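Since the structure comes first, as structure tokens, the remarks are kept for the end.
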Amino acid sequence: MNKRHSVLVGALAASTLALTGCSGSTSEAGGSTDGPYRVLVTGAISGQGALAANAKTSILAAQAGADAVNARGGIGGRQVELTVVDDGGDATKAVTNLREAIASGNKPDLYLNSGLSTVSAATLPVLAQNRILSFNVGPTADSADPETFPLNFDLSPSPAEYATSIAGYAKERGYRNVGVVHGSSAYGEAFSEAMAHSLTEAGVSSAGSEEYDVAALDMTAQLQALRNRGAEALVVDAYGAPLGYLLTSLERLGWNIPLIGNTSVAGTSLVATPAPDGVLGTPAVDNLVLQVFPSTVHDPNDAAVNAMVDAMAAKGQIPSTLILADNYDPFGLVAAAAEKVGDTGDSAKLAEALEDRSVLDAAQTAFLPRYRYSAESHSPNLEQDGYRYVPPSKLLNGQYGNPAA
């Protein structure tokens, strides 16, 4: 693993040096108008554990997306030149890397991140100031607000979108009283608030929400409180080690209850790893379903998704679920916008085109089945058919449900 990491870092450094030697004329409203279409993607390559794995999956997706659009003629006739930089999961470093790219005279035409809303929050003002088109994997409270960041588009649905889908699923299953258990992170708190609203909107009774400290080793008290309030199903927000402690606490209580894990749960390798290293195949996950996207579930008949997966796997091992493959789609989206605008140098016109339903329908994407950006919201705005709820299974190339795994 360390060897592969070293090779990756070396290759990324080389690609950055190659980019620095390129130049072209620029448009006042955007980046270069000739030469390569410059895309800068940042990720926590030197991060630890899941952080690095998620970044690598995100970067593989960007590389595969760039290759795919280049094979179709590029963006507005310009071949994509992709540069990857390591931010280590540090927002300050991400901002420094971005400012250096801008100051080098090779301002990116497009900027992509690989997660962590802290990185998004830090880089979005710089991107706005320099009028750079961006796609964002780690939504913030205002990243999808066109009034605040008109040139940014969220690739990941918001907590409210995830919650709406889960509430709809709970209603379809006939659960009458649903509880929520969530981490003490900013995302966990936002997700909890969204679930309360969504359950009410769906006409499903709420057993309340219980928060656990993400550093805690035992969640028994929170679970017991939800049990005492008559919860018939639990919506679970947990990522990494806390998920294991939460499942252990449930077993300790002897509480056999349906569990609906959000995408944080689905992105935790624990549920896709057999015992003793994980919990797959144990009673702990017998009642668990995972909220994922269609592309995260193997479908031998989905040509677009399978092409994406094959392209990513050809570049290296996919270390985490395809929930982190958001960065494949921006290339198809921007290419469709450029075709409508007839120009790649005006970021504002490209952003306006991305609010056009006909452009979004024409875009060749795979990670999500569709995007519904608008002048009111730069969030994907998925409908219920944009999600799947599946039991845990082994992963193969980042996907659940492949019988070959």
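Every residue in the stretch 198-239 that is modelled with pLDDT of 95 or more and of a type in the set (Ser, Thr, Tyr), please.
Within the stretch 198-239, Ser198, Thr200, Ser205, Ser206, Ser209, Tyr212, Thr220 qualify.
Got at least one residue in the stretch 381-388 being more than 23 Å from Asp237 (Cα to Cα) and not assigned by TED's automatic domain parsing to the domain that holds Asn130? Break it down stepwise before answering.
Taking the stretch 381-388 first, the residues more than 23 Å from Asp237 (Cα to Cα) are none.
Scanning the stretch 381-388 turns up no residue that is more than 23 Å from Asp237 (Cα to Cα) and not assigned by TED's automatic domain parsing to the domain that holds Asn130.
Taking Phe135 as the residue in question, decide whether it is in the same structural domain as Ala66 (by TED's automatic domain parsing) and either surrounded by 24 or more Cβ atoms within 10 Å (Cβ to Cβ) or among the acidic types (Asp, Glu) (or both). Give the derivation first.
Numbers: in the same structural domain as Ala66 (by TED's automatic domain parsing): yes; either surrounded by 24 or more Cβ atoms within 10 Å (Cβ to Cβ) or among the acidic types (Asp, Glu) (or both): yes.
Considered against the rule, which asks whether it is in the same structural domain as Ala66 (by TED's automatic domain parsing) and either surrounded by 24 or more Cβ atoms within 10 Å (Cβ to Cβ) or among the acidic types (Asp, Glu) (or both), Phe135 comes out as yes.
Could you give me the residue pairs with C-beta distances under 6 Å whose first residue belongs to the stretch 103-120 and is in the same structural domain as Thr140 (by TED's automatic domain parsing) and among the acidic types (Asp, Glu), whose second residue is crowded, with 24+ Cβ neighbours inside 10 Å and modelled with pLDDT of 90 or more wherever it lies, and which are 6+ apart or on separate chains?
Asp109/Tyr37
Let me confirm something: among Arg131, Arg99, which residue is outside any helix (DSSP H, G or I) and touching a residue at least 24 places away in the same chain (Cβ under 8 Å)? Working first, answer last.
Details: Arg99 fails: outside any helix (DSSP H, G or I).
From the options Arg131, Arg99, the qualifying one is Arg131.
Looking only at the stretch 179-219, filter to residues that are among the hydroxyl-bearing types (Ser, Thr, Tyr) and within 25 Å of Leu253 (Cα to Cα); which one of those is surrounded by the most Cβ atoms within 10 Å (Cβ to Cβ)?
Keep residues of the stretch 179-219 that are among the hydroxyl-bearing types (Ser, Thr, Tyr), which gives 184-185, 187, 192, 198, 200, 205-206, 209, 212.
Now drop any that are not within 25 Å of Leu253 (Cα to Cα), which leaves 184-185, 192, 205-206, 209, 212.
Values: Ser184: 13, Ser185: 16, Ser192: 21, Ser205: 14, Ser206: 19, Ser209: 22, Tyr212: 24.
Top of the filtered list is Tyr212.
Name the residues in the stretch 162-190 that are in a helix (DSSP H, G or I) and modelled with pLDDT under 95, would you? Steps first, answer last, please.
Residues of the stretch 162-190 in a helix (DSSP H, G or I): 162-173, 186-190.
Within the stretch 162-190, Ala186, Tyr187, Gly188, Glu189, Ala190 qualify.
In the stretch 102-122, what count of residues is obtained for those that are under 15 Å from Ser347 (Cβ atoms) and either part of a helix (DSSP H, G or I) or not basic (Lys, Arg) (or both)?
So the count comes out to 6.
List the number of the failed condition for Ala353; all other conditions in (1) of a type in the set (A, V, I, L, M, F, W, C); (2) in contact (Cβ under 8 Å) with a residue 24 or more places away in the chain; (3) closer than 30 Å to Ala128 by Cα hold.
(2)
Does the stretch 141-159 hold any residues that are aromatic (Phe, Trp, Tyr) and part of a loop (DSSP other than H, G, I, E, B), and which are they?
Phe149
Could you identify the single residue in Gly35, Gly10, Gly47 that is over 24 Å from Gln364 (Cβ atoms), touching a Gly at 6+ places or on another chain (Cβ under 6 Å), surrounded by fewer than 23 Cβ atoms within 10 Å (Cβ to Cβ) and modelled with pLDDT under 95?
Sole residue among the options that is over 24 Å from Gln364 (Cβ atoms), touching a Gly at 6+ places or on another chain (Cβ under 6 Å), surrounded by fewer than 23 Cβ atoms within 10 Å (Cβ to Cβ) and modelled with pLDDT under 95: Gly47.
Only one of (1) surrounded by fewer than 23 Cβ atoms within 10 Å (Cβ to Cβ); (2) under 18 Å from the mean Cα position of the chain (by Cα); (3) under 22 Å from Ser114 (Cα atoms) is not met by Gln384, so which one is it?
(3)
Could you please give the count of residues in the stretch 358-405 that are in a loop (DSSP other than H, G, I, E, B), farther than 21 Å from Thr282 by Cβ and not charged (D, E, K, R)?
Here the count works out to 21.
Can you pull out the residues in the stretch 193-237 that are among the aliphatic types (A, V, I, L, M), under 21 Å from Tyr389 (Cα atoms) and without any contact (Cβ under 8 Å) to a residue 40 or more places away in the chain? Write out each step before concluding.
Taking the stretch 193-237 and keeping what is among the aliphatic types (A, V, I, L, M), we get 194-196, 199, 202, 204, 207, 214-217, 219, 221, 223, 225-226, 231, 233-236.
Next, only the ones that are under 21 Å from Tyr389 (Cα atoms) stay: 194-196, 199, 202, 204, 231, 233-236.
Those that are among the aliphatic types (A, V, I, L, M), under 21 Å from Tyr389 (Cα atoms) and without any contact (Cβ under 8 Å) to a residue 40 or more places away in the chain: Ala194, Ala196, Leu199, Ala202, Val204.
In the list Val265, Val285, which residue meets the criterion of being touching a Pro at 6+ places or on another chain (Cβ under 7 Å) and surrounded by 18 or more Cβ atoms within 10 Å (Cβ to Cβ)? Don't jump to the end; show me each part of the working.
Working: Val265 fails: touching a Pro at 6+ places or on another chain (Cβ under 7 Å).
Testing whether each residue is touching a Pro at 6+ places or on another chain (Cβ under 7 Å) and surrounded by 18 or more Cβ atoms within 10 Å (Cβ to Cβ) leaves just Val285.
Among the residues of the stretch 306-347, which ones are among the charged types (D, E, K, R) and either under 18 Å from Glu81 (Cα atoms) or surrounded by fewer than 24 Cβ atoms within 10 Å (Cβ to Cβ) (or both)?
Of the residues in the stretch 306-347, the ones among the charged types (D, E, K, R) are 310, 315, 326, 329, 339-340, 343, 346.
Listed by number, the residues that qualify are Asp310, Lys315, Asp329, Glu339, Lys340, Asp343, Asp346.
Restricting the search to the stretch 50-93, which residues are of a type in the set (S, T, N, Q), in a helix (DSSP H, G or I) and surrounded by 18 or more Cβ atoms within 10 Å (Cβ to Cβ)? Give the derivation first.
To start, the set of residues in the stretch 50-93 that are of a type in the set (S, T, N, Q) comprises 54, 57-58, 63, 70, 79, 83, 92.
With the extra rule that they be in a helix (DSSP H, G or I), the set shrinks to 54, 57-58, 63, 70, 92.
The answer is Asn54, Thr57, Ser58, Gln63, Asn70.
If I filter the stretch 191-240 down to residues being polar (S, T, N, Q) and in a strand (DSSP E or B), which single residue comes out as nearest to the chain's Cα centre (by Cα)? Steps first, please.
Our first condition is that a residue be polar (S, T, N, Q); within the stretch 191-240, this holds for 192, 198, 200, 205-206, 209, 220, 222, 224, 228.
Now narrow it down to the ones that are in a strand (DSSP E or B): 205-206, 209.
Details: Ser205: 29, Ser206: 28, Ser209: 25 Å.
This residue is Ser209.
The values are calculated or read from the model by the stated rules, or taken from the named source; none is laboratory data. All of these numbers come straight from a predicted model, not from anything done at the bench. Heads up, the Cβs are rebuilt from the backbone with ideal geometry, glycines too, and the neighbour counts pull from every protein chain shown.
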